[in-house]
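**Q** Quick one: structure below, then a few questions.
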Amino acid sequence: MGMTMTQKILAAAAGLPEVKAGQLIEAELDLVLGNDITSPVAIHEMDKFSKEGVFHKDKIALVMDHFAPNKDIKSAQHCKCVREFACKHDITNYFDVGEMGIEHALLPEKGLTVAGDVIIGADSHTCTYGALGAFSTGVGSTDMAAGMATGKAWFKVPSAIKFNIVGKPSKWVSGKDVILHIIGMIGVDGALYKSMEFVGEGIKNLSMDDRFTIANMAIEAGGKNGIFPVDDAAIAYMKEHSKRDFKVYEADEDAEYDEEYTIDLSTLKPTVAFPHLPENTRTIDEVGDVKIEQVVIGSCTNGRLDDLRIAAEVLRGHKVAKGIRCIVIPATQRIYLEAMEEGLLKTFIEAGAIVSTPTCGPCLGGYMGILAEGERCVSTTNRNFVGRMGHVESEVYLASPAVAAASAITGKISGPQD
């Protein structure tokens, strides 16, 4: 039996001719990632090791993005811990205020992730880099510590689900709608510890930003990773952003999949995940009359330039409804600058929104938009669990930038108008 795309990458990293689902392997790592919340735990774990130092100063990335600029003393202490560690070990890819960004948007932009890589990160949305044809997955801080010390990690080889993408989406349907549709279809544990492998002629109709969004939320279906084939768009992206060599892997024709689904993009509608799970989805014509208090446009899922362009297109010439707080968060400094040069920030501010420095901010209930009791928020983030963005009796509705921007104008969950 042949191997899937993910299995081929893992076999190569383990130095094996082949691997099978369920097999335990030790793989060489191309990148180990941590942020200001998870890295301090890993650093303290490393203090217990007999081994001194890190395996490779160029293959570790430390990104201060969750509570940076620091919101309180505790977050300042966390960042100080990581900053001192990065200095002590001369970590090349340390990103702090001024050159920071949300980690899963920043690393591809910096060219640190390419096709064929094996990447672990102490953040569940590390699966984002599968958009470029890499195997990337989230791990705990202890595994991050071991990875930083040894450059290796143990994996159980995942089985796979194939998603055959066909058709072309309508104007206001984006990658966020695709992945919300899939999660609504298979559930939050529908791909538990499986590789979500996206194939098909319809992928050419998805931008790289769409693919990053889809891969990013593989974890919301329980996936070990999400991965896309390396086509001309992915190659062009890597050549623009990275000087690293990349390696293209393709699934064998006789690769084995646990399930196969066909997703026809032309049939999809803007989709919203209602509280309190990403699987609780409804299409925009099914949402009813849901009044809101806040809109957040940003995060590692939807803070990229295409996302801001779409939101600005919807908001241009309109005003945010009275009483609605609309918060826009570009994912990186580069995206912030490009959005400014294109006039997108002017559009947001003229509409009555605010624009934040790059940060995860409100996504995890950190800061920059915490919800009070009874408040509702339409957010382009990735999770809407109980208390995710604030009070346990607040509500988060996950949606695309187009739906979020349209909802800011009307003051209730709404689809964009052509």
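The values are calculated or read from the model by the stated rules, or taken from the named source; none is laboratory data. These numbers were taken from a predicted model, which means no experiment stands behind them. Note that each Cβ is placed from the backbone with ideal geometry, even for glycine, and that neighbours are counted across all protein chains shown. These area figures cover heavy atoms from the full protein model, side chains too; ligands, DNA and RNA do not enter into them. Shrake-Rupley method; radii C 1.70, N 1.55, O 1.52, S 1.80 Å.
**Q** Just to be sure I understand the filter: pairs with C-beta atoms under 8 Å, separated by 6 or more residues or on different chains, first member in region 163-180 and in contact (Cβ under 8 Å) with a residue 24 or more places away in the chain and closer than 15 Å to I310 by Cβ, second member small (G, A, S) and open to solvent by 10 Å² or more (accessible area, probe 1.4 Å). Which pairs pass?
**A** Cβ pairs passing all conditions: P169/S266; S170/S266; W172/G415; G175/S207.
**Q** From the list D232, D210, pick out the single residue that is open to solvent by 10 Å² or more (accessible area, probe 1.4 Å), touching a residue at least 40 places away in the same chain (Cβ under 8 Å) and on the phi < 0 side of the Ramachandran plot.
**A** It is D210.
**Q** Taking L364 as the residue in question, decide whether it is within 21 Å of T213 (Cβ to Cβ), among the aliphatic types (A, V, I, L, M) and out of contact with any helix residue (DSSP H, G or I) (no Cβ under 7 Å at 6 or more places or on another chain).
**A** Yes, satisfied.
**Q** Starting from region 277-305, take each residue that is within 26 Å of M340 (Cα to Cα) and list its partners that are surrounded by fewer than 21 Cβ atoms within 10 Å (Cβ to Cβ) and of a type in the set (S, T, Y), counting only C-beta distances under 8 angstrom and pairs at least six apart or across chains.
**A** Cβ pairs passing all conditions: G298/S356.
**Q** Let me ask something else about it. Evaluate the following for V178: is it within 22 Å of T271 (Cα to Cα), under 20 Å from the mean Cα position of the chain (by Cα) and modelled with pLDDT of 95 or more?
**A** yes
**Q** Does L106 satisfy the condition of being open to solvent by less than 20 Å² (accessible area, probe 1.4 Å) and touching a residue at least 24 places away in the same chain (Cβ under 8 Å)?
**A** Working: open to solvent by less than 20 Å² (accessible area, probe 1.4 Å): yes; touching a residue at least 24 places away in the same chain (Cβ under 8 Å): yes.
Against the criterion (open to solvent by less than 20 Å² (accessible area, probe 1.4 Å) and touching a residue at least 24 places away in the same chain (Cβ under 8 Å)), L106 qualifies.
**Q** Just a yes or no: is a residue in region 290-300 over 21 Å from A115 (Cβ atoms), open to solvent by less than 20 Å² (accessible area, probe 1.4 Å) and touching a His at 6+ places or on another chain (Cβ under 7 Å)?
**A** Scanning region 290-300 turns up no residue that is over 21 Å from A115 (Cβ atoms), open to solvent by less than 20 Å² (accessible area, probe 1.4 Å) and touching a His at 6+ places or on another chain (Cβ under 7 Å).
**Q** Does D306 satisfy the criteria of being open to solvent by less than 50 Å² (accessible area, probe 1.4 Å), among the acidic types (D, E) and not in a loop (DSSP other than H, G, I, E, B)?
**A** Numbers: open to solvent by less than 50 Å² (accessible area, probe 1.4 Å): yes; among the acidic types (D, E): yes; not in a loop (DSSP other than H, G, I, E, B): yes.
Here the answer is yes, as D306 does meet what is asked.
**Q** Filter region 11-20 down to the residues that are touching a helix residue (DSSP H, G or I) at 6+ places or on another chain (Cβ under 9 Å) and either on the phi > 0 side of the Ramachandran plot or open to solvent by less than 60 Å² (accessible area, probe 1.4 Å) (or both) and list them by number. Talk me through it step by step, then tell me what you get.
**A** Step one: filter region 11-20 for residues touching a helix residue (DSSP H, G or I) at 6+ places or on another chain (Cβ under 9 Å), giving 16-20.
If the condition is that a residue be touching a helix residue (DSSP H, G or I) at 6+ places or on another chain (Cβ under 9 Å) and either on the phi > 0 side of the Ramachandran plot or open to solvent by less than 60 Å² (accessible area, probe 1.4 Å) (or both), then V19 is the only one that fits.
**Q** Also, I was wondering about something else. Looking at region 383-410, which of its residues are assigned to a loop (DSSP other than H, G, I, E, B), more than 14 Å from L371 (Cβ to Cβ) and in contact with a strand residue (DSSP E or B) (Cβ under 6 Å, 6 or more places away or on another chain)?
**A** Let us first name the residues in region 383-410 that are assigned to a loop (DSSP other than H, G, I, E, B), namely 383-389, 391-394, 399-400.
In the following step, the residues that additionally are more than 14 Å from L371 (Cβ to Cβ) were identified as 399-400.
Hit for region 383-410 is A399, nothing else.
**Q** Oh, and also: Could you grab me the full set of residues in region 183-207 that are of a type in the set (A, V, I, L, M, F, W, C), out of contact with any Leu (no Cβ under 9 Å at 6 or more places or on another chain) and crowded, with 23+ Cβ neighbours inside 10 Å? Reasoning before the result, please.
**A** Our first condition is that a residue be of a type in the set (A, V, I, L, M, F, W, C); within region 183-207, this holds for 183, 185-186, 188, 191-192, 196, 198-199, 203, 206.
From the residues that got through so far, the ones that are out of contact with any Leu (no Cβ under 9 Å at 6 or more places or on another chain) too are 185-186, 191-192, 196, 199, 203.
Correct list: A191, M196.
**Q** Moving on to the next point. How many residues does region 349-372 contain that are open to solvent by 10 Å² or more (accessible area, probe 1.4 Å), assigned to a loop (DSSP other than H, G, I, E, B) and not small (G, A, S)?
**A** Selection size over region 349-372: 5.
**Q** Here are L344, L364: which of them is of a type outside the set (S, T, Y), touching a residue at least 12 places away in the same chain (Cβ under 8 Å) and farther than 27 Å from S170 by Cα?
**A** Testing whether each residue is of a type outside the set (S, T, Y), touching a residue at least 12 places away in the same chain (Cβ under 8 Å) and farther than 27 Å from S170 by Cα leaves just L364.
**Q** For residues that are of a type in the set (K, R) and not in a loop (DSSP other than H, G, I, E, B), scanning just region 150-182, find the one that is surrounded by the fewest Cβ atoms within 10 Å (Cβ to Cβ).
**A** K156
**Q** Name, by its number, the condition in (1) part of a strand (DSSP E or B); (2) open to solvent by 30 Å² or more (accessible area, probe 1.4 Å); (3) touching a Ser or Thr at 6+ places or on another chain (Cβ under 9 Å); (4) not small (G, A, S) that does not hold for E26.
**A** The number of the failed condition is (3).
**Q** What are the pairs, 6+ residues apart or on separate chains, where a residue within region 65-81 that is hydrophobic (A, V, I, L, M, F, W, C) has its Cβ under 9 Å from a residue that is assigned to a helix (DSSP H, G or I) and open to solvent by 20 Å² or more (accessible area, probe 1.4 Å)?
**A** F67/K74; F67/A76; F67/H78; C81/H44
**Q** Any idea how many residues of region 244-262 are surrounded by 19 or more Cβ atoms within 10 Å (Cβ to Cβ) and aliphatic (A, V, I, L, M)?
**A** So the answer is 1.
**Q** Report, ordered by the first and then the second residue, all pairs with beta carbons closer than 9 Å, sequence separation of six or more or different chains, a first member in region 246-265 that is without any contact (Cβ under 8 Å) to a residue 60 or more places away in the chain and more than 16 Å from F228 (Cβ to Cβ), and a second member that is among the hydroxyl-bearing types (S, T, Y) and open to solvent by 70 Å² or more (accessible area, probe 1.4 Å).
**A** none
**Q** Here is a further query. Please go through region 30-46 and give me each residue that is farther than 12 Å from G140 by Cα and open to solvent by 10 Å² or more (accessible area, probe 1.4 Å), ordered by number.
**A** Matches in region 30-46: D30, I43, H44, M46.
**Q** For I335, indicate whether it is free of Cβ contacts under 8 Å to residues at least 12 places away in the same chain and in a helix (DSSP H, G or I).
**A** The answer is no for I335.
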